[in-house]
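Inspection log for the structure reproduced underneath, given as structure tokens.
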Amino acid sequence: AFLGGAPPPYAPATRETPVQLTAKGARYGLESESLTSRRATAAAAVLAGFSALARKSRPAHPQRHLGLRWHAGLPGRARASPTARQASATSDSKIRVRFAPSPTGVLHVGGARTALFNWLFAKSQGGEMVLRVEDTDVARSTKESEDAILEGLKWCGITWDEGPDVGGNHGPYRQSERIEAGIYKEQLEKLIAGGHAYRCFLSPEELDEMRAEAERNDQAFVLQSPWANASEEEVQAMIDQGKPYVYRFRVPFDREIVIDDLVLGEVIWNSDDLGGDFVIVRQNGMPMYNFGVVVDDASMHITHVLRAQEHLMNTPRQFLMYEALGLKVPTFAHMPLILAPDRTKLSKRHGAVSVGEYQKRGYLPSGMVNYLAQLGWNDGTKQEIYTLEELMSAFRMNRMSKVAAIFDADKFKWVNGHHVRRLTDDEALSLIGNELKDHGLVKEVSGPFVQKASQLLRDRISTLTEAVQELEAMLHFDLEGMKSSDVAKPYIEDGSLLETAKLLLKFKDEGDFDAVGTDPKAIQKVAKKMSEARGGVKKKALLVPLRLCLTSAASGPDMNIFFEMIKEADD
């Protein structure tokens, strides 16, 4: 089933030599200079540090991963072209993508961005998105985590056409349920029948010794199990003794694997650099990630696999299994990682938390989606603020960056602030009003005071939670704090603050404040009268002492709007 040809010949592995290292591919750096000049580390070099193999590679062209030589007798390359696949997907069937989280925690920004890009790509192409839950980690997977992830996606406005909660024609959509349905067992039997998988009885101690031997010889560990060519009698004897075993996939020798990644371009691996035969089913019968994802993506007719570049090293193994099962290889697109400003792995200490936590901190779904979309993608313009509809219209995979994106918490907050200011009056009343009510600043999310407060705050905050502190600061007249502030000091020393305060009391007695809060020009009239009373002072010399006396702050909202809000305050 290898691209329509005969299965490749497998070199024999004897029981006496369980680890076989070859100068042709067991370690990086052993190829000829002519090959080095036309082969190179690809996207793995961009990712810098995924695996020991990536660290051993020699840097060269940034879009190619090291490929070595073909084994004698193997014609051509094992290659997958996105051009042909895309044409097929668009002409014969819909583009189908998937997002497949593991319910072992919460939805983080990286997972949310992966889901978003899959959703944008599918919807911009008239395609479909599948949600699949990879819950084979029984010890850590929980229903609570699954619910939280789904709620986080829905909060972002990301929907799916098929999934565990909406059903579909390609279920079940939880891997645990797919195990019960025997889906993986059926495909495992196909691999065994085709000679591509076998039972391996190597113990952990034997594997440790093999690794130690390779380390002593300064060689990369490449597993060639002695059980790869064991007889049926030998295997049955071990089963009869109750010996535990795993199933391993038989990796062909010296196979060059080539994919045309929609983001990274041409990426090349050699099968000799994959570490040898790898486990596809654990001792407890649970499918390993690479096996499960191939079976699931194929049975769900996934045409495009869009995922983070940290999964790049899984691709050659999955490619070989697609071939072995006679399945069509999907189009791959490995999107850039999200790194912290210091270019280390993103974590809470860099301000990156879960989607649910950002929701609690007062971020808007539109702000979240807008910022995540710009982590590794842009539409080629200087536009930075997008609605979801604008993103869907502008999204193209060829605008995806190859290099890591940097998470900037301040930029995220800035983007969110723009979306807060885009809220309609009704949206502001609901979102900001509820925030104020939750913290006891207002009794009900209704009435003229809350309406005016929400509209005033909308233009002054970047997150909803800032509304509480901002309104408290507005309503609290901090006389002692103002008198001791640096901004008030020169006006106290020159006497203008005291003079302004006395004049304001005089104006109040004369009725000049009666229209404040109802007449939009009332404060302007007071300021004009104050200027005349103080000998014609203007601008800063006039307005700073006036604002300090009226609000205790040198800056703040428009005073006409502020006093309109104050006018509506009740007990």
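Among the listed residues Gly163, Gly168, which satisfies the condition of being open to solvent by less than 10 Å² (accessible area, probe 1.4 Å) and either closer than 23 Å to Arg282 by Cα or over 16 Å from the mean Cα position of the chain (by Cα) (or both)? First the steps, then the outcome.
Working: Gly168 fails: open to solvent by less than 10 Å² (accessible area, probe 1.4 Å).
Sole residue among the options that is open to solvent by less than 10 Å² (accessible area, probe 1.4 Å) and either closer than 23 Å to Arg282 by Cα or over 16 Å from the mean Cα position of the chain (by Cα) (or both): Gly163.
What are the pairs with Cβ atoms under 7 angstrom where one residue, in the range 548-571, is closer than 15 Å to Leu471 by Cβ and the other, located anywhere, is open to solvent by 40 Å² or more (accessible area, probe 1.4 Å)? Sequence gap at least six, or different chains.
Every condition considered, the pairs that remain are Ser552/Phe477; Ser552/Asp478; Ser552/Leu479; Pro557/Arg460; Glu564/Lys452; Met565/Lys452; Glu568/Pro448; Glu568/Lys452.
Considering (1) open to solvent by 20 Å² or more (accessible area, probe 1.4 Å); (2) assigned to a helix (DSSP H, G or I), say which one Leu320 fails and leave the rest.
Among (1) open to solvent by 20 Å² or more (accessible area, probe 1.4 Å); (2) assigned to a helix (DSSP H, G or I), Leu320 violates only (1).
Out of Phe395, Phe412, report the one residue that is of a type in the set (A, V, I, L, M, F, W, C), under 22 Å from Pro341 (Cβ atoms), touching a helix residue (DSSP H, G or I) at 6+ places or on another chain (Cβ under 6 Å) and buried (at least 18 other Cβ atoms within 10 Å of the Cβ).
Matching residue, one of Phe395, Phe412: Phe412.
Which numbered condition trips up Ile492, out of (1) within 19 Å of Leu546 (Cβ to Cβ); (2) among the aliphatic types (A, V, I, L, M); (3) crowded, with 18+ Cβ neighbours inside 10 Å?
(3)
If you check His301, His334, which single one turns out to be touching a residue at least 12 places away in the same chain (Cβ under 8 Å) and open to solvent by 10 Å² or more (accessible area, probe 1.4 Å)?
His301
In this structure, does Lys243 turn out to be charged (D, E, K, R), open to solvent by 20 Å² or more (accessible area, probe 1.4 Å), in contact (Cβ under 8 Å) with a residue 12 or more places away in the chain and touching a Phe, Trp or Tyr at 6+ places or on another chain (Cβ under 8 Å)?
yes
Quick one: in the range 451-481, which of the residues that are outside any helix (DSSP H, G or I) and of a type outside the set (Ser, Thr, Tyr) is most open to solvent (accessible area, probe 1.4 Å)?
Selected residue: His476.
Yes/no per residue for (1) polar (S, T, N, Q); (2) open to solvent by 60 Å² or more (accessible area, probe 1.4 Å); (3) under 16 Å from Gly152 (Cβ atoms):
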{"residue": "Pro365", "(1), (2), (3)": "no, no, yes"}
{"residue": "Asn378", "(1), (2), (3)": "yes, yes, no"}
{"residue": "Thr381", "(1), (2), (3)": "yes, yes, no"}
{"residue": "Ser401", "(1), (2), (3)": "yes, no, no"}
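Being open to solvent by less than 40 Å² (accessible area, probe 1.4 Å) and over 25 Å from Tyr289 (Cβ atoms) is the filter here, so list the residues in the range 218-236 that pass it.
The answer is Pro226, Ala230, Val235.
What's the number of the only condition in (1) touching a residue at least 60 places away in the same chain (Cβ under 8 Å); (2) of a type in the set (A, V, I, L, M, F, W, C); (3) part of a helix (DSSP H, G or I) that Trp160 fails to meet?
All conditions pass for Trp160, except number (3).
Could you please let me know if Glu390 is in a helix (DSSP H, G or I) and either within 17 Å of the chain's Cα centre (by Cα) or among the charged types (D, E, K, R) (or both)?
yes
Which ones in the range 507-520 are exposed (fewer than 12 other Cβ atoms within 10 Å of the Cβ) and not hydroxyl-bearing (Ser, Thr, Tyr)?
Selection gives Asp509, Glu510, Gly511, Asp514.
Scan the range 506-526 and report the pairs whose first residue is over 20 Å from Pro448 (Cβ atoms) and whose second residue is modelled with pLDDT under 90 and not polar (S, T, N, Q), with Cβ atoms within less than 6 Å and a gap of 6+ or a chain change.
none
Looking only at the range 495-505, count how many residues are open to solvent by less than 100 Å² (accessible area, probe 1.4 Å) and either touching a helix residue (DSSP H, G or I) at 6+ places or on another chain (Cβ under 7 Å) or assigned to a helix (DSSP H, G or I) (or both).
7
Mind listing whichever residues of the range 123-152 are in contact (Cβ under 8 Å) with a residue 60 or more places away in the chain, in a helix (DSSP H, G or I) and not charged (D, E, K, R)?
The answer is Ser124, Ala148, Gly152.
Give the residues of the range 122-133 that are of a type outside the set (Gly, Ala, Ser) and open to solvent by less than 10 Å² (accessible area, probe 1.4 Å), sorted by residue number.
Matches in the range 122-133: Met129, Val130, Leu131, Arg132, Val133.
Taking only the range 425-445 into account, find how many residues are open to solvent by 70 Å² or more (accessible area, probe 1.4 Å) and either in contact with a Phe, Trp or Tyr (Cβ under 7 Å, 6 or more places away or on another chain) or not in a helix (DSSP H, G or I) (or both).
3
Residues being touching a residue at least 40 places away in the same chain (Cβ under 8 Å), touching a Phe, Trp or Tyr at 6+ places or on another chain (Cβ under 8 Å) and of a type in the set (A, V, I, L, M): count how many of those fall in the range 383-423.
3
Suppose the filter is farther than 24 Å from Asn398 by Cβ, open to solvent by 20 Å² or more (accessible area, probe 1.4 Å), out of contact with any His (no Cβ under 8 Å at 6 or more places or on another chain) and not in a helix (DSSP H, G or I); does Asn284 pass it?
yes
The values are calculated or read from the model by the stated rules, or taken from the named source; none is laboratory data. Everything quoted here is computed from the prediction, not taken from an experiment. Don't worry about glycine lacking a Cβ; one is built from the backbone with ideal geometry, like all the others, and counts go over all protein chains shown. Just so you know, the surface numbers come from the protein's heavy atoms only, side chains and all, with ligands and any DNA or RNA stripped out. Shrake-Rupley method; radii C 1.70, N 1.55, O 1.52, S 1.80 Å.
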